[in-house]
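Since every read-out is calculated from the coordinates, none of them should be taken as a lab result. This structure is a prediction, so every number in the text was calculated from the model and none was measured. A quick note on method: Cβ atoms are made from the backbone with ideal geometry, for glycine too, and the neighbour counts reach across all protein chains shown.
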Amino acid sequence: MKIFKIWAVLIACFMPIENANAASKTIGILVFNGFLTSDVTAPLEVFGAAANQVKTNGYKVILISAHKSLKIKSEEGLNILADKSIYDPSELDVLIVPSAYNMEPLLSNKDLIQFIKRQNKPSTWFNSNCSGAFLLAKAQILDGKKATTWAGGEKELAKNHPKIKVQYDTNVVVDGQIITSNGGPVSYQAAFELLAKLSSPDFAKKISQQIQFDRLATAF
């Protein structure tokens, strides 16, 4: 019995690092009518696969509607049902913000901007894809930070938000606990970067292999 207890302690001490870091992480993905599909489905697939791992089932992914209605339709016609809305209480460890072709209604939505601001705590991670960076910028999350947006939109972001250190011709930018990306298929790259930060690079690579994303590197 004593030998068993000693081995149990040793096993606990040498468990993979992603187990402890990934425990009880709530990943909130913002959704709104007209969102660009891959900006949402990419992180949803990556963290959904991570959550299904026995050792990392502390990941919980929820969709948060920017509207009072939970029924949301993407730009490409994907109909989804969000888990809750910005008007419901949310305790998030991560907030992922996608984009839309028309950002103006979102940028003028005071309730949405206030929701994003409320998530800005020392422990919170943010990830924006494509023009979702403009929502983080409007909420002053990106002030003083390096960030990017959709390819070709960097000048507009820099002009409208001079406090941001806008990075050009870069797929993914990481500054502290903020990750911004060009969006689209690059949303996968950003999601894996976020997963690596929350767990470990090895675990992120494992999930990349599981969903066969790593095969894209040799696909063209």
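Can you tell me which residue in segment 112-156 is surrounded by the most Cβ atoms within 10 Å (Cβ to Cβ), limited to those that are in contact with a Lys or Arg (Cβ under 9 Å, 6 or more places away or on another chain) and β-branched (Val, Ile, Thr)?
Ile141
Is it fair to say Asp169 is touching a residue at least 12 places away in the same chain (Cβ under 8 Å), surrounded by fewer than 16 Cβ atoms within 10 Å (Cβ to Cβ) and within 18 Å of Gly28 (Cβ to Cβ)?
Here the answer is no, as Asp169 does not meet what is asked.
Can you tell me which residues in segment 125-166 are within 21 Å of Phe35 (Cβ to Cβ) and of a type in the set (Val, Ile, Thr)?
The answer is Ile141, Thr148, Thr149.
Do you know which of the residues in segment 87-111 that are over 17 Å from Asp39 (Cβ atoms) and free of Cβ contacts under 8 Å to residues at least 60 places away in the same chain is surrounded by the fewest Cβ atoms within 10 Å (Cβ to Cβ)?
Filtering first and then ranking leaves Pro89.
Among the residues of segment 67-114, count how many are among the acidic types (Asp, Glu) and closer than 29 Å to Ala151 by Cβ. Show your work before the answer.
As a first pass, look at segment 67-114 and keep what is among the acidic types (Asp, Glu): 75-76, 83, 88, 91, 93, 104, 111.
Narrowing further to those that are closer than 29 Å to Ala151 by Cβ: 75-76, 93, 104.
Matching residues across segment 67-114 total 4.
Mind telling me which of the residues Ser131, Ser208 ends up being closer than 23 Å to Lys25 by Cα and not β-branched (Val, Ile, Thr)?
Just a single option satisfies the conditions, and that option is Ser208.
Does segment 92-125 hold any residues that are acidic (Asp, Glu) and in a helix (DSSP H, G or I), and which are they?
Glu104, Asp111
Could you tell me which residue of segment 176-194 is surrounded by the fewest Cβ atoms within 10 Å (Cβ to Cβ), considering only residues that are out of contact with any helix residue (DSSP H, G or I) (no Cβ under 7 Å at 6 or more places or on another chain) and either touching a residue at least 60 places away in the same chain (Cβ under 8 Å) or under 12 Å from Ser128 (Cβ atoms) (or both)?
Among residues in segment 176-194 that are out of contact with any helix residue (DSSP H, G or I) (no Cβ under 7 Å at 6 or more places or on another chain) and either touching a residue at least 60 places away in the same chain (Cβ under 8 Å) or under 12 Å from Ser128 (Cβ atoms) (or both), the one surrounded by the fewest Cβ atoms within 10 Å (Cβ to Cβ) is Ile178.
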